[in-house]
2 protein chains.
Amino acid sequence: MSFDFIENGSITSAAGFLASGITAGFKRSGAPDFAMVVSESPANFAGVFTSCTFAAAPVRVCQQLVKTSPYLRAVIINSGNANACTGEPGMESARKSCAIAAKALGISPENVAVASTGRIGVQMDMSLIERGVALAVPALSADGGNTAAEAIMTTDTVPKAAAVKVEAGGKKFTVGAMTKGAGMIDPHLTTPHATMICIITTDAEISNAQLQHILAANADESFNRITVDGDMSTNDTVLILANGNSGVKIMPDSPEEAAFKEALLALMQNLARRMVMDGEGATKFVEVRIKNARSKQDAKLAAEAVGNSLLCKTAWFGNDPNWGRVVAALGYSGAQIDPDKCDIYLDDIPVVKNGGDAGTPEKELLDTVKKREYTITCDFKDGDAEYWVWSSDVSYEYVKINADYHT
Amino acid sequence: MSFDFIENGSITSAAGFLASGITAGFKRSGAPDFAMVVSESPANFAGVFTSCTFAAAPVRVCQQLVKTSPYLRAVIINSGNANACTGEPGMESARKSCAIAAKALGISPENVAVASTGRIGVQMDMSLIERGVALAVPALSADGGNTAAEAIMTTDTVPKAAAVKVEAGGKKFTVGAMTKGAGMIDPHLTTPHATMICIITTDAEISNAQLQHILAANADESFNRITVDGDMSTNDTVLILANGNSGVKIMPDSPEEAAFKEALLALMQNLARRMVMDGEGATKFVEVRIKNARSKQDAKLAAEAVGNSLLCKTAWFGNDPNWGRVVAALGYSGAQIDPDKCDIYLDDIPVVKNGGDAGTPEKELLDTVKKREYTITCDFKDGDAEYWVWSSDVSYEYVKINADYHT
């Protein structure tokens, strides 16, 4: 088996998918803010969503679809209004949005999913949905994936789309995806948990149950490993659609299924990494890797504490090789750690040895922390469990974006 | 019973306590960085400390003293070096610091406590301790409390000292305190958990066991309720010394004990509030109050999630009445909340009613969020438990301080 990233790949790289991105008017800027994805034939599907108690109306509509609808034909996504904390009227708006799109496409409303991102607590202006659908349907195209990826951006500075071509046992199929999310990023996508929005398409044929299982497992190894600000959103949504157009059928526990899962993970990790790189105001990409912990839970607590530490994140911004803040975060993480055994590395350079200063000259450390991207490895030497997260720094620009932006 | 704050009160407002603050040379700036507190007679004592796994050497020395030493005569505190993550040599330095002070004062080392704050991972320069003690002993004075409060500052912009005069059943005694801490503030002081350092003195007579019990309970209602950055320190230390010089003996479960506890809480809350007000780069003081939750644990999870949310804290800095971020934080807090019942107020102004927009014009909300100090109240209408925390905003100045400062 092998897979390759496709140049300029997107959700429409998979056969039988059309997409468009247009300006409906949700954003005051006039930038594109409404995307539509359509499968030419019924697509099996699965979803993982925010675990926030105040899950937005579109999230609740999608959760219902996952339970009751056999397949999807379309997904509509707007940026600029999250339709969260909008009560029953918001639910009605989300359902009606699906119905408006369904009518325009000549399909059934239960085959249309909806995702929203933007300001919380504002009722949807349904005239904008009407306009969005009216403009998006005629704009649908087999190479519209990248315009759709642009239309779902909020504080993102670059659109994020990718696709992989997979070959397994002589059979070929494609998986494409787009994602947005630069702030309110600390996804915990369980079956069904991330304001990231990610839409994945594949032309493989695979059952809803397989999709759900693989999507949830892969989310745990990708979107659930990233944090920009430690704030999970009301609207996080990851949907995958599989329309079978490649003619490749993926059976449970087959080598093709393993290949699909692996390629999908590579795609999801690629997008997760780019979300962190494009995190609000981010100037650094830092991988925090815990090794040789007593348990995976200990490793996870430790990695997440460092990845979410405001003091660490500001030190990263300041190019400060400040391992004291890393140690402090490990110490309050709740993880079982023997402080006298802990080693810490910046990339491959030792900074802490057995809980104390490793003696590396600060100059050498500075060379590492000045890089755009580096890894902090904490070796607890106390077991064999590991965990990693991807995080970004907190910069002046982060504060500016979030002091000014009305979510 | 009654109590009053004393003008310019400090740790030396309690009878029989001497203090000094001098420049030993830990800080490159030449600002005062070494403080000494001495009780003229043996003082009962208690302490609560950081729960960080990597507790600093001086914390471990104090924890040992609480277990084994019957009384204290002195406390030395340096700022500029935390003596954390310094291994066995660091432990040796902490013990030796006590011995140096003891010798100069003609007392026993087990009657001297030590606290440190500053950079992590650097071995103590014992010549600075020698110099500090040599300068601090002759400078000891019965009105030296405020100079001591200055010497323990790190990124604090103002010294924080206070004292209360208590009258209970015709008996009068005094409780004084000083504290530092403007960053790495999210104390979880349990018997024995906050880089805040707080030294409390009283001239009442009260047992070590009573002190420990009262100190821990009051810490839960004061220092454990504050967060500046969500980062707990390796060095948090709160020590209370009671020398009995007022002649007032406080018996267990007596009205005097209740009066002592109440007055001490007022003092600790006064200092806790000022720590948040003086939080690194802070321009806002925000009380987050949860009402009518199902359980205190639910209320605590919810209050701490909002109080630590980076998105909320940047919105506060931006004078943004952004309740969406509050709701998002409540939603991911893990607290049991019925989203359709949740009401939120900015001071007394409703912003969320039953989980949706309360319809208050933004102009009215802006008047509140522009204030230096306000309260966000979340009423879950689902029980009778409550909890509150005090938090500050995250500003450009916060990032500047923490990108530049070497902890």
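The values are calculated or read from the model by the stated rules, or taken from the named source; none is laboratory data. Quick caveat, the model's predicted, so the values are computed rather than measured. Positions of Cβ are backbone-derived with ideal geometry, glycine not excepted, and every protein chain shown enters the neighbour counts. We work out accessible area using only protein heavy atoms, side chains counted, and drop any ligands, DNA or RNA first. Shrake-Rupley method; radii C 1.70, N 1.55, O 1.52, S 1.80 Å.
What is the one condition in (1) open to solvent by 20 Å² or more (accessible area, probe 1.4 Å); (2) closer than 23 Å to B:Val166 by Cα that B:Ser108 does not satisfy?
It fails just one condition, (2).
Which one of these does A:Met268 not meet: (1) open to solvent by less than 20 Å² (accessible area, probe 1.4 Å); (2) within 14 Å of chain B (Cβ to nearest Cβ)?
(2)
Looking at B:Ala161, B:Ala142, which one is over 20 Å from the mean Cα position of the chain (by Cα) and under 28 Å from B:Ser2 (Cα atoms)?
Going through B:Ala161, B:Ala142 in turn, the sole match is B:Ala142.
Output the qualifying pairs, or none if there are none: Cβ atoms under 8 angstrom, residues six or more apart or on different chains, first residue in the range A:115-139 and farther than 12 Å from A:Asn78 by Cβ, second residue open to solvent by less than 10 Å² (accessible area, probe 1.4 Å) and of a type in the set (Lys, Arg).
Pairs found: A:Ile120/B:Arg325.
Just one of A:Leu215, A:Leu241 is at pLDDT 95 or above, over 17 Å from A:Asn111 (Cβ atoms) and under 17 Å from the mean Cα position of the chain (by Cα); which is it?
After applying the criteria, what remains is A:Leu215.
Looking at the range A:279-294, can you tell me whether even one residue there is modelled with pLDDT of 95 or more, in contact with a Gly (Cβ under 7 Å, 6 or more places away or on another chain), on the phi < 0 side of the Ramachandran plot and buried (at least 21 other Cβ atoms within 10 Å of the Cβ)?
The answer is yes; a qualifying residue exists.
Go through the residues of the range A:368-377 one by one and say whether even a single one is at pLDDT 90 or above and at positive phi.
no
Only one residue in B:Ile22, B:Ile107, B:Ile100, B:Ile76 is in contact with a strand residue (DSSP E or B) (Cβ under 9 Å, 6 or more places away or on another chain) and closer than 16 Å to B:Thr237 by Cβ. Which one?
Of B:Ile22, B:Ile107, B:Ile100, B:Ile76, the one residue that is in contact with a strand residue (DSSP E or B) (Cβ under 9 Å, 6 or more places away or on another chain) and closer than 16 Å to B:Thr237 by Cβ is B:Ile76.
When the range A:117-137 is examined, which residues are found to be under 16 Å from A:Pro32 (Cα atoms) and among the hydrophobic types (A, V, I, L, M, F, W, C)?
A:Leu128, A:Ile129, A:Val133, A:Ala134, A:Leu135, A:Ala136, A:Val137
If I filter the range B:186-209 down to residues being open to solvent by 20 Å² or more (accessible area, probe 1.4 Å) and at pLDDT 90 or above, which single residue comes out as farthest from B:Ser246 (Cα to Cα)?
In this case the residue turns out to be B:Ala209.
Filtering the range A:218-238 down to residues that are of a type in the set (Asp, Glu) and in contact with a Ser or Thr (Cβ under 7 Å, 6 or more places away or on another chain), which residue is modelled with the lowest pLDDT?
A:Asp231
Scanning for something farther than 30 Å from B:Ala302 by Cα and of a type in the set (Phe, Trp, Tyr), does the range A:47-58 turn up at least one residue?
Within the range A:47-58, not a single residue is farther than 30 Å from B:Ala302 by Cα and of a type in the set (Phe, Trp, Tyr).
What about A:Arg73, is it open to solvent by 10 Å² or more (accessible area, probe 1.4 Å) and within 13 Å of chain B (Cβ to nearest Cβ)?
Taking the combined requirement at face value, the residue does not satisfy it.
Considering only residues that are more than 19 Å from A:Gly176 (Cα to Cα), open to solvent by less than 30 Å² (accessible area, probe 1.4 Å) and out of contact with any Asp or Glu (no Cβ under 6 Å at 6 or more places or on another chain), which ones fall in the range A:131-156?
Selection gives A:Gly132, A:Val133, A:Ala136.
Which count do you get for residues in the range A:226-263 that are crowded, with 21+ Cβ neighbours inside 10 Å, away from chain B (no Cβ under 14 Å) and closer than 30 Å to A:Phe285 by Cβ?
9
Can you pull out every residue in the range B:232-262 that is of a type in the set (Gly, Ala, Ser) and part of a strand (DSSP E or B)?
B:Ala242 - this is the single residue of the range B:232-262 that is of a type in the set (Gly, Ala, Ser) and part of a strand (DSSP E or B).
When the range B:320-372 is examined, which residues are found to be more than 8 Å from chain A (Cβ to nearest Cβ) and among the aromatic types (Phe, Trp, Tyr)?
B:Tyr345, the sole residue that qualifies.
Among the residues of the range B:83-102, what is the count of those that are open to solvent by less than 10 Å² (accessible area, probe 1.4 Å), closer than 22 Å to A:Val351 by Cα and more than 9 Å from chain A (Cβ to nearest Cβ)?
1
Would you check which residues across the range A:263-302 are in a helix (DSSP H, G or I) and hydroxyl-bearing (Ser, Thr, Tyr) and list them?
Once the filter is applied, which keeps residues that are in a helix (DSSP H, G or I) and hydroxyl-bearing (Ser, Thr, Tyr), the range A:263-302 yields nothing.
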